[in-house]
Each structure stands twice: as C-alpha cells, then as structure tokens.
Number of protein chains: 2
Amino acid sequence: MQRYFIPEENWEEDEVTIANDDAHHISRVMRSQPDDKIICNHPRGQAAICDISEITGDHVRAVISEWLDETAELPLEITIAQGLPKSDKMDLVLKKGTELGAYAFIPVQTDRSVVSWDDKKMEKKMNRYRKIAKEASEQSHRNKIPHIQPLTVLNGLVNESDSYEFKLFAYEEEAKTEKFQSFGKIVNNMAPDDRVLIVIGPEGGFSPQEADLLKQNDFLPVRLGPRILRTETAAMYALASISYQFEELGC
Amino acid sequence: MQRYFIPEENWEEDEVTIANDDAHHISRVMRSQPDDKIICNHPRGQAAICDISEITGDHVRAVISEWLDETAELPLEITIAQGLPKSDKMDLVLKKGTELGAYAFIPVQTDRSVVSWDDKKMEKKMNRYRKIAKEASEQSHRNKIPHIQPLTVLNGLVNESDSYEFKLFAYEEEAKTEKFQSFGKIVNNMAPDDRVLIVIGPEGGFSPQEADLLKQNDFLPVRLGPRILRTETAAMYALASISYQFEELGC
C-alpha cells in the first residue's frame with residue numbers, strides 16, 4: 001500500500017486532505033480511484049490506513065479507517081553531520097541514510113569541503129534534500145521523516161553538541177593506529193533513546209585542526225572497519241551497524 | 001600512497017611492470033617521477049611498497065622496496081548474488097560492496113528483473129564491472145579485488161551453492177512476520193573463513209516461486225532491519241553488519 005507523509009494541518013478527526021505532489025501522485029501516477037486504500041503518516045509518527053473518498057483536480061480526501069500499531073524507527077536517535085561532499089553525494093547520503101534509519105542530518109562546511117553554498121543555492125538545496133528525505137521515508141515505510149538541519153560550520157556544530165549522549169567522528173587516521181577506539185565497544189554502551197551525533201568528514205577527511213577541535217570537545221574518534229570508506233559510505237556503515245546491533249542482534 | 005593491482009605476469013622477483021590505464025594514471029594523472037613511491041598489490045593478496053625506476057610512454061617499472069604485513073580483507077568470504085536491478089544500480093552495489101569487503105559478486109537474472117543482457121552487452125558490462133571493482137579495491141586499500149562471476153539464472157545459482165557454509169536470501173516478506181529469522185543470530189554463528197552466499201532480489205523482490213525454490217534448497221530467509229531497503233541498499237546493510245560483527249565488535 002502506498003504511503004504518504006501528510007502535514008499536521010491537513011489532519012482532521014477522521015479525515016485527511018492530501019495536496020500538491022502527493023495528490024498528483026495518487027491521481028496521476030498511481031491512478032487511484034475512490035475506495036482505494038493508502039497509508040497516511042502523521043508527523044508525530046503514527047500511521048493510518050485510509051480510504052480515498054474524493055479525488056479532484058488539486059486535492060485528494062481520504063477517511064481514516066484504521067490506526068496502525070507499527071514502528072520501523074531505529075530505537076536510538078542517530079544524527080549524521082556530514083562534511084559537504086562533492087557533486088551529488090549528499091543526495092546519496094540522505095537517501096541511504098533515511099532508509100537505514102537516521103533521525104536527522106546536518107550538512108557541515110569543513111576545511112576540506114571544496115563546495116560552498118550561497119543563500120540562493122542553500123534554499124534550493126534544502127528543498128531538494130527535504131523532498132529526498134520524505135520520499136525515502138515513504139519508500140522505506142518509516143514513521144518519521146528525518147530532520148534536515150541548516151548548513152553549519154564545524155565550530156557551530158561543536159558548540160551545540162552538549163545535548164547528545166554520544167559524540168563520535170569518523171577518523172581515517174584512527175584506522176591506522178594500533179590502539180584505535182573500537183566502534184563496537186562504543187555502540188555496545190549505547191541504549192535505546194540515546195541521542196547520538198556522528199560527524200563524517202568530506203573527501204580527504206578532517207584537517208588536523210578539526211580533529212583536535214573535535215577531540216578537545218569529547219568527540220570520540222572511531223574507525224568504521226579496516227577498509228578506507230568513501231565519505232558517502234561512512235554514514236551507511238555506521239547506521240547499518242547500529243541497526244544490526246539494536247534491531248537484529250537484539251532479536 | 002597510491003595503490004595499483006598488478007596482474008601476476010607483470011611481477012618479477014624484485015621488480016614490477018605497470019602497463020595500460022595504471023601506467024597512464026601514474027605518469028599523466030599523478031604525474032609521478034622516478035624515485036616516487038607507490039604500493040603494488042599482487043593478485044594473491046600481498047602488497048609491497050615500490051620505488052618507480054622508469055617511466056616511458058606506455059609503461060612504468062618499479063623496484064620492490066618493502067613487502068607490507070597488512071590486511072584489510074574481511075575474515076569471511078561474502079559473495080553477493082544480486083538480482084539484476086534497473087539503470088546503473090549494479091554499479092553502486094559493486095562500488096559500495098567492494099568498499100565494504102565483498103569477496104565476490106554474481107549478477108543473477110530473476111523473475112522480476114526487468115533488464116536482460118545479450119552477449120554483446122554482457123561483455124561490455126563485465127569489463128565495466130571489473131574496472132569498478134578494481135578501482136574501488138585500490139581506493140579502499142583492499143588486498144584483493146572481488147571476483148565478478150558471469151551472469152547466471154537463479155536455478156543455476158542454487159545448483160552451484162553447495163560449497164557455501166551459509167546461504168541466505170533477503171526476503172521482504174520475512175520482515176512482516178512475527179517469527180522472522182534473526183539475521184543477527186545467523187551472523188553470530190558464522191566463523192572466520194566461512195563462505196557465505198547472500199542472495200538479494202531486484203526491485204520488487206523475489207517471486208513466490210523463487211522464494212520457495214530458495215527455501216527448499218536450504219537458503220535461510222532473513223530481514224535486514226525493519227525498514228524496507230531498496231535493492232541496492234541490501235548488500236550494503238549485510239556487508240556493513242558482518243564487518244561490524246567481525247571487525248569492530250570483536251576488537
């Protein structure tokens with residue numbers, strides 16, 4: 001059954017109104033008819049099976065038929081702070097990171113990020129990113145759409161990191177040392193509901209100054225396996241591992 | 001230091017000859033000079049630091065200076081049998097799967113694969129895939145390039161699966177049942193040197209007949225977390241989890 005995330009203001013007690021792209025998707029792409037069923041997700045995380053009652057040129061109405069008792073959310077809140085990578089790699093991080101259960105994403109301007117965004121580009125990028133996260137959430141049957149926070153600099157990220165129970169950063173140099181921090185041991189110490197911030201450098205990783213800044217502010221350097229991962233693969237490794245630990249090993 | 005996988009016939013006792021694309025990469029892209037150092041990987045898995053001794057128009061020679069005692073190979077041999085996906089998704093499976101440590105890839109024609117390859121397309125595809133696997137192996141500092149086996153049908157794969165210690169298939173329906181096979185428990189039973197075959201369906205997954213065929217031949221259906229992953233994400237989840245279990249949790 002097709003899923004749609006519906007903004008809070010479009011929910012009534014026993015009905016939802018679907019507008020814009022989603023209405024178009026229902027009427028033109030899926031070619032749905034009245035009485036067809038869809039799943040509507042509320043921004044707070046609940047989902048309901050709904051029966052389509054009306055399809056007009058620009059909106060669709062559907063009657064709530066059954067609230068679902070299901071969740072596909074990771075039990076921990078994992079925020080991925082991604083150093084701005086080249087070309088369209090951020091799209092891949094958002095798509096795959098959403099499928100793999102990320103709670104939020106923060107794009108970060110770092111010393112070795114070769115791209116930079118002006119204000120105009122920023123708004124366009126943010127709209128695009130929100131759309132990617134929404135569509136990947138629908139496709140992967142998630143209950144919530146990950147938040148996408150505005151672009152920040154590393155210093156700003158560090159200054160606002162006190163609320164996380166765990167603060168990690170992927171550090172390639174760590175993989176080369178004998179006494180690296182074991183990512184497995186750190187994840188083993190995590191518990192459901194913990195808020196975890198994982199910072200990943202762009203191509204070329206963090207500068208030594210950035211690594212020092214992170215270490216001084218209690219970010220733990222971790223390696224993500226012994227192979228050198230591309231920047232866009234690091235978030236996937238971290239999220240899949242945490243999902244495996246809490247959603248599959250725990251079973 | 002840049003890495004190159006050098007075919008067996010180009011190794012002499014204390015020297016290697018580098019030809020074709022790699023020679024071009026050394027002379028034109030890296031603009032290396034005699035006495036610069038590179039790492040050369042032998043197909044058997046060993047790697048050596050080599051000093052460039054000669055750069056000509058079409059080849060590079062380098063003297064072996066030091067054999068390295070290093071390995072970045074997953075301790076298990078994980079073969080990913082991927083149902084042929086649409087567009088260029090197989091490229092992504094190969095790139096990320098190589099970074100994440102896959103031992104081999106087998107493209108599989110399945111009931112719901114919408115693409116098919118003729119003989120001409122096949123050769124072109126295989127060359128492309130071998131190039132992707134080689135470059136991703138170099139970039140991720142692996143000791144071995146994953147094998148890419150010829151396209152097969154599911155029946156053929158099943159008939160040649162006796163040599164694997166573990167045979168799994170990703171089955172979306174499994175995620176919906178109460179008593180699903182825990183991927184975590186199965187991975188926990190694996191040991192170093194085990195040979196593991198993981199079969200992943202294309203978009204739309206396996207047909208019921210295919211799922212029956214796999215089950216009848218002792219392939220274990222597994223879910224890979226509770227979210228619905230796109231076909232190209234399944235291999236990444238499986239490989240990252242197995243790496244996490246054996247290379248990070250074990251630390």
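The values are calculated or read from the model by the stated rules, or taken from the named source; none is laboratory data. Small disclaimer: the values here were computed from a predicted structure and weren't measured. Cβ placement follows ideal geometry from the backbone for every residue including glycine, while neighbour counts extend to all protein chains displayed. Quick note on the areas: whole protein, heavy atoms, side chains included, nothing else; ligands and nucleic acids left out. Shrake-Rupley method; radii C 1.70, N 1.55, O 1.52, S 1.80 Å.
Below are the figures for this structure:
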item	result
Residues that are polar (S, T, N, Q) and either open to solvent by less than 90 Å² (accessible area, probe 1.4 Å) or part of a loop (DSSP other than H, G, I, E, B) (or both), drawn from the stretch A:1-44	A:2, A:10, A:17, A:27, A:32, A:33, A:41
Residue in the stretch A:158-172 that is in contact (Cβ under 8 Å) with a residue 24 or more places away in the chain, within 12 Å of chain B (Cβ to nearest Cβ), touching a helix residue (DSSP H, G or I) at 6+ places or on another chain (Cβ under 9 Å) and of a type outside the set (A, V, I, L, M) present	no
Residue ID - nearest to residue A:99 (Cα to Cα), chosen from residues in the stretch A:45-76 that are touching a residue at least 40 places away in the same chain (Cβ under 8 Å) and not hydrophobic (A, V, I, L, M, F, W, C)	A:73
Within the stretch B:196-234, tally of residues that are over 13 Å from residue A:100 (Cβ atoms) and either in contact with a Gly (Cβ under 7 Å, 6 or more places away or on another chain) or of a type in the set (Val, Ile, Thr) (or both)	8
Subset of the stretch B:215-245 (residues that are among the hydrophobic types (A, V, I, L, M, F, W, C), in contact with a strand residue (DSSP E or B) (Cβ under 8 Å, 6 or more places away or on another chain) and in contact (Cβ under 8 Å) with a residue 60 or more places away in the chain)	B:219, B:234, B:235, B:238, B:239, B:242
Residue in the stretch A:229-249 that is farthest from residue A:193 (Cα to Cα), counting only those that are more than 7 Å from chain B (Cβ to nearest Cβ) and open to solvent by 20 Å² or more (accessible area, probe 1.4 Å)	A:245
Within the stretch A:45-98, strands (runs of 3 or more DSSP E) holding 2 or more residues that are touching a helix residue (DSSP H, G or I) at 6+ places or on another chain (Cβ under 6 Å) and either buried (at least 19 other Cβ atoms within 10 Å of the Cβ) or not hydrophobic (A, V, I, L, M, F, W, C) (or both)	A:59-68, A:77-83
Residue, nearest to residue B:75 (Cα to Cα), within the stretch B:203-228, restricted to residues that are within 10 Å of chain A (Cβ to nearest Cβ) and in a loop (DSSP other than H, G, I, E, B)	B:224
Subset of the stretch A:103-133 (residues that are touching an Asp or Glu at 6+ places or on another chain (Cβ under 9 Å) and closer than 20 Å to residue B:225 by Cβ)	A:103, A:104, A:132
